[in-house]
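Data first, discussion second: the structure below is written as C-alpha coordinates.
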Amino acid sequence: FELIAKDHRLEISKVLLNTIDNEKTFNNLIFKFIRPDNEIVWISSSGFPMYDAEGKCIGYRGSDKNITKQIEQASLLEETENKYQIIFDQNPLGMIQYNEKGEITLANKQFADLLKSTVEQIKGLKMMHLPDKKLVAALKRSLNGELGLYQDYYRAVTSDAVAPVRVQFVPIKNKDNLVVGGIGIVENLTDYLKSREEIKKLSTTDSLTGLLNRRMFDEHFVQLNETNQLPFAVVLCDVNTLRIINESFGFEKGDFVLLEVAKALNDVKDNDNLLFRIGGDEFAILKPNASQEQIEKYIEKVKYILDLGNHEFPINVSFGYSLKTDKETSLEDAFKQAEHMMQSNKIYDGASISKKTIDIIMQTLFEKSSREMFHSQRVSALSEEIAMHFKLGTSFKNRVKIAGLLHDIGKINIDGGILNKPGKLTEEEWTIIKKHPEYGFRILNAVDEYIDIAGIVLNHHERWDGLGYPRKIKANKIPLESRIIAVADAYDAMTKDRLYRPALTKDEAIAEIQKNAGSQFDPKVVDIFIHKVLAYKDGESNGH
(Lines give C-alpha, C1' and ligand atoms only; values in the text may rest on other atoms or scores of the structure.)
Protein backbone atom coordinates (compact mmCIF):
# COMPACT_ATOMS: atom_id res chain seq x y z
CA PHE A 1 0.00 0.00 0.00
CA GLU A 2 2.99 2.28 0.68
CA LEU A 3 3.91 2.04 -3.01
CA ILE A 4 0.74 3.86 -4.02
CA ALA A 5 1.26 7.63 -4.42
CA LYS A 6 0.09 9.49 -1.31
CA ASP A 7 -2.46 11.61 -3.17
CA HIS A 8 -4.19 8.41 -4.41
CA ARG A 9 -4.07 6.25 -1.23
CA LEU A 10 -7.33 7.46 0.32
CA GLU A 11 -9.32 6.92 -2.86
CA ILE A 12 -7.82 3.42 -3.38
CA SER A 13 -8.49 2.39 0.23
CA LYS A 14 -12.16 3.37 -0.09
CA VAL A 15 -12.56 1.30 -3.25
CA LEU A 16 -10.86 -1.74 -1.71
CA LEU A 17 -12.85 -1.56 1.52
CA ASN A 18 -16.03 -1.26 -0.51
CA THR A 19 -14.96 -4.31 -2.47
CA ILE A 20 -14.43 -6.41 0.69
CA ASP A 21 -17.29 -5.04 2.84
CA ASN A 22 -19.91 -4.93 0.16
CA GLU A 23 -18.53 -7.65 -2.07
CA LYS A 24 -18.32 -5.25 -5.02
CA THR A 25 -16.14 -5.63 -8.09
CA PHE A 26 -14.15 -2.69 -9.46
CA ASN A 27 -12.85 -1.88 -12.92
CA ASN A 28 -10.28 0.52 -14.34
CA LEU A 29 -9.24 1.97 -11.04
CA ILE A 30 -6.47 4.37 -12.10
CA PHE A 31 -3.73 5.50 -9.72
CA LYS A 32 -0.08 6.42 -9.54
CA PHE A 33 2.29 3.68 -8.42
CA ILE A 34 5.84 4.18 -7.10
CA ARG A 35 8.23 1.51 -8.34
CA PRO A 36 11.23 0.36 -6.24
CA ASP A 37 13.49 2.57 -8.40
CA ASN A 38 11.20 5.55 -7.44
CA GLU A 39 9.88 5.89 -10.99
CA ILE A 40 6.19 6.83 -10.99
CA VAL A 41 3.93 4.88 -13.32
CA TRP A 42 0.20 4.93 -13.93
CA ILE A 43 -1.70 1.70 -13.17
CA SER A 44 -5.16 0.64 -14.26
CA SER A 45 -6.48 -1.96 -11.80
CA SER A 46 -9.56 -4.20 -11.91
CA GLY A 47 -10.64 -6.69 -9.16
CA PHE A 48 -13.35 -8.82 -7.59
CA PRO A 49 -13.99 -10.32 -4.11
CA MET A 50 -12.45 -13.65 -2.97
CA TYR A 51 -14.38 -16.07 -0.74
CA ASP A 52 -13.41 -18.91 1.62
CA ALA A 53 -15.08 -22.35 1.79
CA GLU A 54 -17.84 -20.98 3.98
CA GLY A 55 -18.56 -18.17 1.50
CA LYS A 56 -17.00 -15.45 3.58
CA CYS A 57 -15.23 -12.61 1.69
CA ILE A 58 -11.58 -12.81 2.64
CA GLY A 59 -10.05 -10.38 0.13
CA TYR A 60 -10.00 -9.61 -3.53
CA ARG A 61 -8.21 -10.73 -6.63
CA GLY A 62 -7.26 -8.25 -9.31
CA SER A 63 -5.12 -7.51 -12.30
CA ASP A 64 -2.97 -4.39 -12.91
CA LYS A 65 -1.98 -2.81 -16.20
CA ASN A 66 0.70 -0.17 -16.79
CA ILE A 67 -1.05 2.63 -18.72
CA THR A 68 1.61 5.34 -18.30
CA LYS A 69 2.06 5.78 -22.06
CA GLN A 70 -1.66 6.17 -22.69
CA ILE A 71 -1.98 8.70 -19.84
CA GLU A 72 0.88 10.78 -21.23
CA GLN A 73 -0.62 10.72 -24.73
CA ALA A 74 -4.03 11.70 -23.37
CA SER A 75 -2.45 14.53 -21.39
CA LEU A 76 -0.62 15.76 -24.47
CA LEU A 77 -3.81 15.56 -26.51
CA GLU A 78 -5.75 17.50 -23.86
CA GLU A 79 -3.01 20.15 -23.76
CA THR A 80 -3.08 20.42 -27.56
CA GLU A 81 -6.87 20.72 -27.58
CA ASN A 82 -6.70 23.41 -24.90
CA LYS A 83 -4.15 25.37 -26.90
CA TYR A 84 -6.26 24.98 -30.01
CA GLN A 85 -9.32 26.21 -28.13
CA ILE A 86 -7.40 29.26 -26.87
CA ILE A 87 -6.16 30.05 -30.37
CA PHE A 88 -9.67 29.57 -31.71
CA ASP A 89 -11.41 31.71 -29.07
CA GLN A 90 -8.84 34.51 -28.76
CA ASN A 91 -7.88 34.88 -32.40
CA PRO A 92 -8.52 38.47 -33.60
CA LEU A 93 -9.84 36.97 -36.83
CA GLY A 94 -13.21 35.31 -37.06
CA MET A 95 -12.96 31.51 -37.04
CA ILE A 96 -15.38 28.68 -37.67
CA GLN A 97 -15.05 24.89 -37.78
CA TYR A 98 -17.35 22.82 -39.98
CA ASN A 99 -17.93 19.15 -40.65
CA GLU A 100 -17.90 17.19 -43.91
CA LYS A 101 -21.44 18.41 -44.67
CA GLY A 102 -20.47 22.08 -44.36
CA GLU A 103 -22.32 22.51 -41.04
CA ILE A 104 -20.72 24.89 -38.56
CA THR A 105 -19.74 23.01 -35.40
CA LEU A 106 -17.70 25.76 -33.71
CA ALA A 107 -17.53 29.54 -34.04
CA ASN A 108 -15.62 32.15 -32.06
CA LYS A 109 -17.01 35.41 -30.72
CA GLN A 110 -15.11 37.52 -33.23
CA PHE A 111 -16.96 35.87 -36.09
CA ALA A 112 -20.30 36.18 -34.30
CA ASP A 113 -19.68 39.89 -33.61
CA LEU A 114 -18.79 40.50 -37.26
CA LEU A 115 -22.19 39.11 -38.29
CA LYS A 116 -24.00 40.86 -35.41
CA SER A 117 -25.06 37.42 -34.17
CA THR A 118 -24.35 35.06 -31.29
CA VAL A 119 -22.22 31.92 -31.32
CA GLU A 120 -25.35 29.89 -30.54
CA GLN A 121 -27.16 31.32 -33.60
CA ILE A 122 -24.26 30.37 -35.85
CA LYS A 123 -23.61 26.83 -34.61
CA GLY A 124 -25.37 24.28 -36.78
CA LEU A 125 -25.67 26.65 -39.74
CA LYS A 126 -25.75 24.62 -42.96
CA MET A 127 -23.42 26.65 -45.18
CA MET A 128 -24.08 24.52 -48.25
CA HIS A 129 -27.61 26.00 -48.29
CA LEU A 130 -26.52 29.68 -48.07
CA PRO A 131 -27.85 31.99 -50.83
CA ASP A 132 -24.35 33.38 -51.58
CA LYS A 133 -23.28 31.07 -54.41
CA LYS A 134 -19.69 32.36 -54.48
CA LEU A 135 -19.25 31.43 -50.83
CA VAL A 136 -20.81 28.00 -51.34
CA ALA A 137 -18.46 27.35 -54.27
CA ALA A 138 -15.42 28.23 -52.10
CA LEU A 139 -16.74 25.96 -49.34
CA LYS A 140 -17.17 23.06 -51.79
CA ARG A 141 -13.56 23.43 -52.94
CA SER A 142 -12.39 22.93 -49.34
CA LEU A 143 -14.61 19.87 -48.92
CA ASN A 144 -12.97 18.52 -52.08
CA GLY A 145 -9.57 18.87 -50.40
CA GLU A 146 -8.51 22.23 -51.88
CA LEU A 147 -8.10 25.67 -50.37
CA GLY A 148 -11.28 27.70 -50.93
CA LEU A 149 -11.14 31.52 -51.04
CA TYR A 150 -14.08 33.92 -50.85
CA GLN A 151 -13.83 37.72 -50.92
CA ASP A 152 -16.88 39.92 -51.21
CA TYR A 153 -19.56 41.76 -49.26
CA TYR A 154 -21.28 39.01 -47.28
CA ARG A 155 -24.90 39.40 -46.15
CA ALA A 156 -25.59 37.41 -42.96
CA VAL A 157 -28.64 35.13 -42.79
CA THR A 158 -28.70 35.33 -38.99
CA SER A 159 -28.95 39.14 -38.88
CA ASP A 160 -29.09 42.22 -41.10
CA ALA A 161 -25.28 42.59 -41.11
CA VAL A 162 -23.41 43.20 -44.37
CA ALA A 163 -19.62 43.20 -44.19
CA PRO A 164 -16.70 43.05 -46.61
CA VAL A 165 -14.85 39.84 -45.76
CA ARG A 166 -12.11 37.55 -46.96
CA VAL A 167 -12.65 33.89 -45.98
CA GLN A 168 -10.15 31.07 -46.35
CA PHE A 169 -11.74 27.62 -46.19
CA VAL A 170 -9.00 25.16 -45.16
CA PRO A 171 -9.81 21.42 -45.36
CA ILE A 172 -9.20 19.07 -42.40
CA LYS A 173 -8.20 15.49 -43.29
CA ASN A 174 -8.02 12.36 -41.16
CA LYS A 175 -5.17 9.83 -41.09
CA ASP A 176 -6.61 8.19 -44.19
CA ASN A 177 -6.39 11.51 -46.05
CA LEU A 178 -10.17 11.85 -46.18
CA VAL A 179 -11.74 15.31 -45.71
CA VAL A 180 -13.71 15.37 -42.47
CA GLY A 181 -14.48 19.07 -42.43
CA GLY A 182 -12.55 22.30 -42.36
CA ILE A 183 -11.60 25.53 -40.71
CA GLY A 184 -12.87 28.92 -41.93
CA ILE A 185 -10.60 31.93 -41.24
CA VAL A 186 -12.62 35.13 -41.67
CA GLU A 187 -10.99 38.55 -42.07
CA ASN A 188 -12.99 41.79 -41.78
CA LEU A 189 -11.89 43.99 -44.71
CA THR A 190 -13.65 47.18 -43.56
CA ASP A 191 -10.48 48.90 -42.30
CA TYR A 192 -8.46 47.60 -45.25
CA LEU A 193 -10.92 48.99 -47.79
CA LYS A 194 -11.11 52.28 -45.90
CA SER A 195 -7.30 52.55 -45.94
CA ARG A 196 -7.23 51.68 -49.63
CA GLU A 197 -9.77 54.40 -50.35
CA GLU A 198 -7.73 56.88 -48.34
CA ILE A 199 -4.56 55.93 -50.21
CA LYS A 200 -6.41 56.26 -53.50
CA LYS A 201 -7.71 59.65 -52.42
CA LEU A 202 -4.21 60.78 -51.42
CA SER A 203 -2.86 59.72 -54.80
CA THR A 204 -5.55 61.58 -56.75
CA THR A 205 -6.41 64.66 -54.67
CA ASP A 206 -4.56 67.59 -53.21
CA SER A 207 -4.29 67.01 -49.45
CA LEU A 208 -4.89 70.68 -48.55
CA THR A 209 -7.75 71.76 -50.82
CA GLY A 210 -9.37 68.43 -51.68
CA LEU A 211 -9.23 69.29 -55.39
CA LEU A 212 -7.79 66.88 -57.93
CA ASN A 213 -3.99 67.00 -57.99
CA ARG A 214 -1.39 67.54 -60.72
CA ARG A 215 -1.17 63.81 -61.48
CA MET A 216 -4.88 63.69 -62.21
CA PHE A 217 -4.62 66.87 -64.27
CA ASP A 218 -1.99 65.24 -66.48
CA GLU A 219 -4.14 62.09 -66.85
CA HIS A 220 -7.27 64.03 -67.79
CA PHE A 221 -5.22 66.26 -70.06
CA VAL A 222 -4.09 63.27 -72.12
CA GLN A 223 -7.56 61.66 -72.13
CA LEU A 224 -9.36 64.83 -73.19
CA ASN A 225 -6.95 65.76 -75.97
CA GLU A 226 -9.18 64.02 -78.52
CA THR A 227 -12.47 65.20 -77.03
CA ASN A 228 -15.44 66.00 -79.25
CA GLN A 229 -16.93 68.29 -76.56
CA LEU A 230 -15.83 71.47 -78.31
CA PRO A 231 -15.17 74.28 -77.62
CA PHE A 232 -13.06 72.97 -74.74
CA ALA A 233 -11.70 75.49 -72.22
CA VAL A 234 -8.39 75.43 -70.36
CA VAL A 235 -8.46 77.97 -67.53
CA LEU A 236 -5.46 78.71 -65.29
CA CYS A 237 -5.52 80.61 -62.00
CA ASP A 238 -2.52 81.89 -60.04
CA VAL A 239 -2.60 83.35 -56.50
CA ASN A 240 -0.73 86.65 -56.32
CA THR A 241 1.44 87.46 -53.26
CA LEU A 242 1.23 83.95 -51.77
CA ARG A 243 5.00 83.95 -51.27
CA ILE A 244 4.85 87.25 -49.40
CA ILE A 245 2.03 85.99 -47.18
CA ASN A 246 3.92 82.77 -46.40
CA GLU A 247 7.11 84.67 -45.56
CA SER A 248 5.36 87.37 -43.51
CA PHE A 249 2.49 85.63 -41.74
CA GLY A 250 3.53 81.98 -41.96
CA PHE A 251 2.41 79.01 -44.04
CA GLU A 252 -0.76 78.60 -42.01
CA LYS A 253 -2.03 81.92 -43.40
CA GLY A 254 -0.83 80.92 -46.85
CA ASP A 255 -2.81 77.69 -46.60
CA PHE A 256 -5.86 79.72 -45.57
CA VAL A 257 -5.53 81.78 -48.77
CA LEU A 258 -5.29 78.63 -50.90
CA LEU A 259 -8.36 77.16 -49.23
CA GLU A 260 -10.33 80.36 -49.84
CA VAL A 261 -9.36 80.35 -53.53
CA ALA A 262 -10.24 76.65 -53.88
CA LYS A 263 -13.60 77.29 -52.22
CA ALA A 264 -14.37 80.20 -54.54
CA LEU A 265 -13.44 78.14 -57.62
CA ASN A 266 -15.63 75.30 -56.38
CA ASP A 267 -18.59 77.48 -55.40
CA VAL A 268 -18.90 78.90 -58.90
CA LYS A 269 -18.22 75.75 -60.93
CA ASP A 270 -20.90 73.70 -62.67
CA ASN A 271 -21.02 69.93 -62.96
CA ASP A 272 -18.88 69.87 -66.11
CA ASN A 273 -15.92 71.67 -64.56
CA LEU A 274 -12.88 69.65 -63.48
CA LEU A 275 -10.89 71.53 -60.83
CA PHE A 276 -7.23 70.89 -60.05
CA ARG A 277 -4.48 72.32 -57.90
CA ILE A 278 -1.48 71.90 -60.19
CA GLY A 279 1.21 73.76 -58.24
CA GLY A 280 1.96 75.62 -55.03
CA ASP A 281 -0.17 78.65 -55.92
CA GLU A 282 -1.63 77.55 -59.24
CA PHE A 283 -5.01 76.04 -60.12
CA ALA A 284 -6.48 74.75 -63.37
CA ILE A 285 -10.00 74.26 -64.67
CA LEU A 286 -10.87 72.02 -67.63
CA LYS A 287 -14.33 72.61 -69.03
CA PRO A 288 -15.94 70.90 -72.06
CA ASN A 289 -18.62 72.57 -74.20
CA ALA A 290 -17.50 76.01 -73.02
CA SER A 291 -17.88 79.48 -74.51
CA GLN A 292 -15.78 82.59 -74.03
CA GLU A 293 -18.73 84.32 -72.37
CA GLN A 294 -19.16 81.46 -69.86
CA ILE A 295 -15.47 81.47 -68.95
CA GLU A 296 -15.30 85.24 -68.47
CA LYS A 297 -18.43 85.19 -66.29
CA TYR A 298 -16.89 82.35 -64.25
CA ILE A 299 -13.68 84.34 -63.69
CA GLU A 300 -15.65 87.47 -62.80
CA LYS A 301 -17.73 85.59 -60.19
CA VAL A 302 -14.66 84.00 -58.57
CA LYS A 303 -12.93 87.37 -58.26
CA TYR A 304 -16.10 88.91 -56.85
CA ILE A 305 -16.34 86.22 -54.15
CA LEU A 306 -12.69 86.74 -53.16
CA ASP A 307 -13.07 90.54 -53.08
CA LEU A 308 -16.23 90.22 -51.02
CA GLY A 309 -14.54 88.07 -48.36
CA ASN A 310 -13.65 89.75 -45.07
CA HIS A 311 -9.96 88.78 -44.97
CA GLU A 312 -7.13 90.35 -43.00
CA PHE A 313 -5.24 90.84 -46.26
CA PRO A 314 -6.47 91.01 -49.87
CA ILE A 315 -6.69 87.73 -51.80
CA ASN A 316 -5.93 88.42 -55.41
CA VAL A 317 -5.71 85.97 -58.32
CA SER A 318 -4.76 86.23 -61.99
CA PHE A 319 -6.53 84.17 -64.66
CA GLY A 320 -5.69 83.08 -68.14
CA TYR A 321 -7.73 80.91 -70.48
CA SER A 322 -7.84 79.44 -73.93
CA LEU A 323 -10.50 77.66 -76.01
CA LYS A 324 -9.78 74.58 -78.08
CA THR A 325 -12.28 75.01 -80.91
CA ASP A 326 -11.18 72.25 -83.26
CA LYS A 327 -9.50 68.87 -83.18
CA GLU A 328 -6.42 70.21 -84.93
CA THR A 329 -5.54 72.42 -81.95
CA SER A 330 -3.89 70.37 -79.22
CA LEU A 331 -4.70 70.85 -75.56
CA GLU A 332 -1.00 71.49 -75.01
CA ASP A 333 -1.17 74.52 -77.30
CA ALA A 334 -4.34 75.66 -75.53
CA PHE A 335 -2.55 75.32 -72.19
CA LYS A 336 0.37 77.46 -73.40
CA GLN A 337 -2.02 80.16 -74.62
CA ALA A 338 -3.84 80.19 -71.27
CA GLU A 339 -0.51 80.37 -69.44
CA HIS A 340 0.66 83.28 -71.59
CA MET A 341 -2.56 85.21 -70.88
CA MET A 342 -2.27 84.48 -67.14
CA GLN A 343 1.32 85.74 -66.97
CA SER A 344 0.35 88.91 -68.84
CA ASN A 345 -2.54 89.53 -66.47
CA LYS A 346 -0.29 88.78 -63.50
CA ILE A 347 1.97 91.71 -64.37
CA TYR A 348 -0.95 94.10 -63.93
CA ASP A 349 -2.85 92.26 -61.18
CA GLY A 350 0.19 91.46 -59.10
CA ALA A 351 1.98 94.79 -59.02
CA SER A 352 -0.64 96.81 -57.19
CA ILE A 353 -1.67 93.97 -54.88
CA SER A 354 1.96 93.30 -53.92
CA LYS A 355 2.42 96.88 -52.78
CA LYS A 356 -0.84 96.71 -50.87
CA THR A 357 0.32 93.52 -49.19
CA ILE A 358 3.61 95.15 -48.16
CA ASP A 359 1.61 98.04 -46.69
CA ILE A 360 -0.53 95.55 -44.74
CA ILE A 361 2.60 93.81 -43.43
CA MET A 362 4.03 97.10 -42.20
CA GLN A 363 0.69 98.03 -40.67
CA THR A 364 0.57 94.68 -38.88
CA LEU A 365 4.13 95.21 -37.60
CA PHE A 366 3.23 98.69 -36.35
CA GLU A 367 0.19 97.25 -34.56
CA LYS A 368 2.56 94.85 -32.82
CA SER A 369 4.79 97.71 -31.76
CA SER A 370 4.01 101.42 -32.16
CA ARG A 371 7.66 102.09 -31.33
CA GLU A 372 8.64 100.30 -34.58
CA MET A 373 6.36 102.59 -36.60
CA PHE A 374 7.90 105.84 -35.34
CA HIS A 375 11.39 104.38 -35.51
CA SER A 376 10.91 103.30 -39.16
CA GLN A 377 9.55 106.71 -40.13
CA ARG A 378 12.47 108.56 -38.49
CA VAL A 379 15.10 106.23 -39.99
CA SER A 380 13.53 106.71 -43.42
CA ALA A 381 13.68 110.54 -43.12
CA LEU A 382 17.28 110.56 -41.80
CA SER A 383 18.42 108.07 -44.47
CA GLU A 384 16.85 110.19 -47.23
CA GLU A 385 18.71 113.28 -45.99
CA ILE A 386 22.05 111.43 -45.93
CA ALA A 387 21.40 110.07 -49.43
CA MET A 388 20.72 113.54 -50.82
CA HIS A 389 24.27 114.63 -49.92
CA PHE A 390 25.77 111.83 -52.01
CA LYS A 391 24.17 113.46 -55.09
CA LEU A 392 23.59 110.11 -56.85
CA GLY A 393 20.20 111.08 -58.29
CA THR A 394 16.55 110.92 -57.35
CA SER A 395 16.17 107.17 -57.81
CA PHE A 396 19.05 106.52 -55.38
CA LYS A 397 17.53 108.89 -52.83
CA ASN A 398 14.07 107.31 -53.18
CA ARG A 399 15.50 103.82 -52.92
CA VAL A 400 17.22 104.71 -49.64
CA LYS A 401 14.05 106.38 -48.33
CA ILE A 402 11.87 103.32 -49.03
CA ALA A 403 14.50 100.89 -47.71
CA GLY A 404 14.76 103.00 -44.55
CA LEU A 405 11.02 102.72 -44.03
CA LEU A 406 11.02 98.95 -44.65
CA HIS A 407 14.36 98.06 -43.05
CA ASP A 408 12.71 96.27 -40.11
CA ILE A 409 9.86 94.61 -42.05
CA GLY A 410 11.32 91.21 -41.16
CA LYS A 411 10.33 91.80 -37.53
CA ILE A 412 6.80 90.80 -38.58
CA ASN A 413 8.06 87.21 -38.01
CA ILE A 414 9.18 87.97 -34.46
CA ASP A 415 6.92 87.64 -31.44
CA GLY A 416 5.58 90.92 -30.08
CA GLY A 417 6.67 89.89 -26.59
CA ILE A 418 10.29 90.04 -27.73
CA LEU A 419 9.85 93.28 -29.70
CA ASN A 420 8.24 95.02 -26.74
CA LYS A 421 10.29 93.43 -23.95
CA PRO A 422 10.97 96.06 -21.25
CA GLY A 423 14.32 94.60 -20.18
CA LYS A 424 17.44 93.49 -21.99
CA LEU A 425 17.08 90.56 -24.35
CA THR A 426 18.40 87.12 -23.46
CA GLU A 427 20.99 85.52 -25.72
CA GLU A 428 18.29 83.33 -27.27
CA GLU A 429 16.00 86.32 -27.88
CA TRP A 430 18.87 88.28 -29.38
CA THR A 431 19.58 85.39 -31.78
CA ILE A 432 15.92 85.56 -32.90
CA ILE A 433 16.06 89.35 -33.38
CA LYS A 434 19.19 89.03 -35.52
CA LYS A 435 17.19 86.98 -38.03
CA HIS A 436 15.02 89.95 -39.07
CA PRO A 437 17.24 91.15 -41.99
CA GLU A 438 16.92 87.69 -43.58
CA TYR A 439 13.17 87.57 -42.96
CA GLY A 440 12.84 91.02 -44.49
CA PHE A 441 14.87 89.99 -47.52
CA ARG A 442 12.65 86.97 -48.19
CA ILE A 443 9.48 89.03 -47.92
CA LEU A 444 10.64 91.84 -50.21
CA ASN A 445 12.39 89.51 -52.64
CA ALA A 446 9.00 87.92 -53.36
CA VAL A 447 7.82 91.21 -54.92
CA ASP A 448 9.39 92.22 -58.23
CA GLU A 449 9.13 95.92 -57.42
CA TYR A 450 11.07 95.48 -54.19
CA ILE A 451 13.89 93.17 -55.28
CA ASP A 452 16.48 96.01 -55.09
CA ILE A 453 15.13 97.07 -51.70
CA ALA A 454 15.39 93.45 -50.47
CA GLY A 455 19.20 93.44 -50.83
CA ILE A 456 19.50 96.75 -48.94
CA VAL A 457 17.37 95.45 -46.07
CA LEU A 458 19.38 92.20 -45.92
CA ASN A 459 22.63 94.11 -45.33
CA HIS A 460 21.62 96.98 -43.05
CA HIS A 461 23.21 95.32 -40.00
CA GLU A 462 26.53 94.50 -41.68
CA ARG A 463 29.59 96.31 -40.27
CA TRP A 464 32.38 98.14 -42.02
CA ASP A 465 34.90 95.78 -40.35
CA GLY A 466 33.02 92.63 -41.41
CA LEU A 467 31.81 91.67 -37.93
CA GLY A 468 28.12 92.35 -38.62
CA TYR A 469 25.30 90.01 -39.59
CA PRO A 470 23.94 88.02 -41.33
CA ARG A 471 26.59 87.73 -44.07
CA LYS A 472 29.67 89.24 -42.38
CA ILE A 473 30.64 91.21 -45.49
CA LYS A 474 32.77 94.33 -45.07
CA ALA A 475 33.56 97.83 -46.37
CA ASN A 476 32.43 98.61 -49.92
CA LYS A 477 31.02 95.11 -50.40
CA ILE A 478 28.12 96.35 -48.28
CA PRO A 479 25.66 98.33 -50.48
CA LEU A 480 25.98 102.08 -49.88
CA GLU A 481 22.24 102.28 -49.18
CA SER A 482 22.66 99.73 -46.37
CA ARG A 483 25.62 101.64 -44.90
CA ILE A 484 23.52 104.82 -44.83
CA ILE A 485 20.59 103.11 -43.09
CA ALA A 486 22.98 101.53 -40.55
CA VAL A 487 24.07 104.99 -39.33
CA ALA A 488 20.54 106.46 -39.30
CA ASP A 489 19.21 103.34 -37.52
CA ALA A 490 21.88 103.45 -34.81
CA TYR A 491 21.49 107.20 -34.19
CA ASP A 492 17.72 106.99 -33.81
CA ALA A 493 17.97 103.98 -31.49
CA MET A 494 20.50 105.74 -29.25
CA THR A 495 18.58 109.03 -28.98
CA LYS A 496 15.25 107.50 -27.99
CA ASP A 497 14.28 106.15 -24.57
CA ARG A 498 14.10 102.41 -24.00
CA LEU A 499 12.42 100.84 -20.98
CA TYR A 500 15.76 99.37 -19.93
CA ARG A 501 17.83 102.58 -20.50
CA PRO A 502 17.36 106.34 -20.98
CA ALA A 503 18.10 108.04 -24.30
CA LEU A 504 21.56 109.42 -25.00
CA THR A 505 21.89 113.13 -25.67
CA LYS A 506 22.62 114.27 -29.19
CA ASP A 507 26.28 114.91 -28.31
CA GLU A 508 26.62 111.50 -26.64
CA ALA A 509 25.10 109.76 -29.67
CA ILE A 510 27.36 111.64 -32.09
CA ALA A 511 30.41 110.78 -29.98
CA GLU A 512 29.42 107.10 -30.03
CA ILE A 513 28.96 107.10 -33.82
CA GLN A 514 32.29 108.90 -34.36
CA LYS A 515 33.97 106.40 -32.05
CA ASN A 516 32.72 103.50 -34.23
CA ALA A 517 33.46 105.11 -37.61
CA GLY A 518 35.81 102.77 -39.47
CA SER A 519 34.77 99.75 -37.40
CA GLN A 520 30.99 99.57 -37.29
CA PHE A 521 30.17 102.41 -39.71
CA ASP A 522 31.40 103.68 -43.07
CA PRO A 523 33.57 106.71 -42.18
CA LYS A 524 32.32 108.71 -45.16
CA VAL A 525 28.67 108.15 -44.27
CA VAL A 526 29.42 109.14 -40.67
CA ASP A 527 31.14 112.34 -41.80
CA ILE A 528 28.22 113.37 -44.04
CA PHE A 529 25.65 112.53 -41.41
CA ILE A 530 27.34 114.44 -38.61
CA HIS A 531 28.67 117.45 -40.44
CA LYS A 532 26.06 117.96 -43.14
CA VAL A 533 22.80 116.34 -42.04
CA LEU A 534 23.15 117.24 -38.37
CA ALA A 535 25.28 120.32 -39.25
CA TYR A 536 27.40 119.49 -36.23
CA LYS A 537 30.69 121.27 -35.66
CA ASP A 538 33.20 119.56 -33.44
CA GLY A 539 32.78 120.82 -29.93
CA GLU A 540 29.28 122.27 -30.39
CA SER A 541 25.75 121.19 -31.14
CA ASN A 542 23.78 123.30 -33.62
CA GLY A 543 20.57 121.30 -33.36
CA HIS A 544 18.68 119.43 -35.98
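Which numbered condition in (1) of a type in the set (G, A, S); (2) open to solvent by 50 Å² or more (accessible area, probe 1.4 Å); (3) under 30 Å from I361 (Cβ atoms) is the only one that S195 fails?
That leaves (3) as the condition not met.
Could you check, for the range 286-296, whether at least one of its residues is open to solvent by 40 Å² or more (accessible area, probe 1.4 Å), farther than 24 Å from R243 by Cβ and not polar (S, T, N, Q)?
Yes, because at least one residue in the range 286-296 is open to solvent by 40 Å² or more (accessible area, probe 1.4 Å), farther than 24 Å from R243 by Cβ and not polar (S, T, N, Q).
On the given criteria, is K327 in contact (Cβ under 8 Å) with a residue 60 or more places away in the chain, open to solvent by 20 Å² or more (accessible area, probe 1.4 Å), of a type outside the set (A, V, I, L, M, F, W, C) and in contact with a Ser or Thr (Cβ under 6 Å, 6 or more places away or on another chain)?
No, not satisfied.
Could you check the range 338-355 and list, in sequence order, the residues that are open to solvent by 60 Å² or more (accessible area, probe 1.4 Å) and modelled with pLDDT of 75 or more?
E339, H340, M341, Q343
Show the residue pairs that are 6+ apart or on different chains and have beta-carbon atoms under 7 Å apart, the first residue being within the range 229-252 and open to solvent by 10 Å² or more (accessible area, probe 1.4 Å), the second being modelled with pLDDT under 80 and polar (S, T, N, Q).
Between residues of the range 229-252 that are open to solvent by 10 Å² or more (accessible area, probe 1.4 Å) and residues that are modelled with pLDDT under 80 and polar (S, T, N, Q), the close pairs are T241/S354; T241/T357.
Going by what's in this entry, would K263 be described as under 26 Å from S203 (Cβ atoms), of a type in the set (K, R) and open to solvent by 60 Å² or more (accessible area, probe 1.4 Å)?
yes
Could you name every one of the helices (runs of 4 or more DSSP H) located completely within the range 376-487 that has at least 2 residues being surrounded by 20 or more Cβ atoms within 10 Å (Cβ to Cβ), of a type in the set (F, W, Y) and under 44 Å from the mean Cα position of the chain (by Cα)?
Working: elements: 394-406, 416-419, 427-433, 436-445, 451-458.
Filter on the range 376-487 gives 436-445.
Residue check: is F335 open to solvent by 50 Å² or more (accessible area, probe 1.4 Å), at pLDDT 85 or above, assigned to a helix (DSSP H, G or I) and not hydroxyl-bearing (S, T, Y)?
It is false that F335 is open to solvent by 50 Å² or more (accessible area, probe 1.4 Å), at pLDDT 85 or above, assigned to a helix (DSSP H, G or I) and not hydroxyl-bearing (S, T, Y).
Residue under question is P314, and the condition is that it be under 16 Å from L242 (Cα atoms) and either modelled with pLDDT under 90 or polar (S, T, N, Q) (or both); does it hold? Steps first, answer last, please.
On the way: under 16 Å from L242 (Cα atoms): yes; either modelled with pLDDT under 90 or polar (S, T, N, Q) (or both): yes.
For P314, the condition - under 16 Å from L242 (Cα atoms) and either modelled with pLDDT under 90 or polar (S, T, N, Q) (or both) - is met.
Pick from the range 303-313 the residues that are out of contact with any Asp or Glu (no Cβ under 8 Å at 6 or more places or on another chain) and open to solvent by less than 90 Å² (accessible area, probe 1.4 Å): which of them is farthest from A262 (Cα to Cα)?
F313
Looking at F529, F521, can you tell me which residue is out of contact with any Lys or Arg (no Cβ under 8 Å at 6 or more places or on another chain), touching a residue at least 40 places away in the same chain (Cβ under 8 Å) and of a type in the set (F, W, Y)? Steps first, please.
Working: F521 fails: out of contact with any Lys or Arg (no Cβ under 8 Å at 6 or more places or on another chain).
One residue alone meets the criteria, F529.
Just to be sure, is Q110 more than 30 Å from R215 (Cα to Cα) and part of a helix (DSSP H, G or I)?
Values: more than 30 Å from R215 (Cα to Cα): yes; part of a helix (DSSP H, G or I): yes.
Spelling it out, Q110 is indeed more than 30 Å from R215 (Cα to Cα) and part of a helix (DSSP H, G or I).
Here's a check for you: in the range 498-544, which residue that is loosely packed, with under 13 Cβ neighbours inside 10 Å and in a strand (DSSP E or B) is modelled with the highest pLDDT?
R501
Could you give me the residue pairs with C-beta distances under 7 Å whose first residue belongs to the range 395-408 and is closer than 12 Å to I484 by Cα, whose second residue is outside any helix (DSSP H, G or I) and open to solvent by less than 10 Å² (accessible area, probe 1.4 Å) wherever it lies, and which are 6+ apart or on separate chains?
Within 7 Å, the pairs are H407/H460.
V317 - would you say it is part of a helix (DSSP H, G or I), open to solvent by less than 40 Å² (accessible area, probe 1.4 Å) and either touching a strand residue (DSSP E or B) at 6+ places or on another chain (Cβ under 7 Å) or without any contact (Cβ under 8 Å) to a residue 40 or more places away in the chain (or both)?
The answer is no for V317.
The values are calculated or read from the model by the stated rules, or taken from the named source; none is laboratory data. Given the structure is predicted, the values throughout are model-derived calculations rather than measurements. Don't worry about glycine lacking a Cβ; one is built from the backbone with ideal geometry, like all the others, and counts go over all protein chains shown. Protein only, heavy atoms only, side chains kept; ligands, DNA and RNA dropped before computing areas. Shrake-Rupley method; radii C 1.70, N 1.55, O 1.52, S 1.80 Å.
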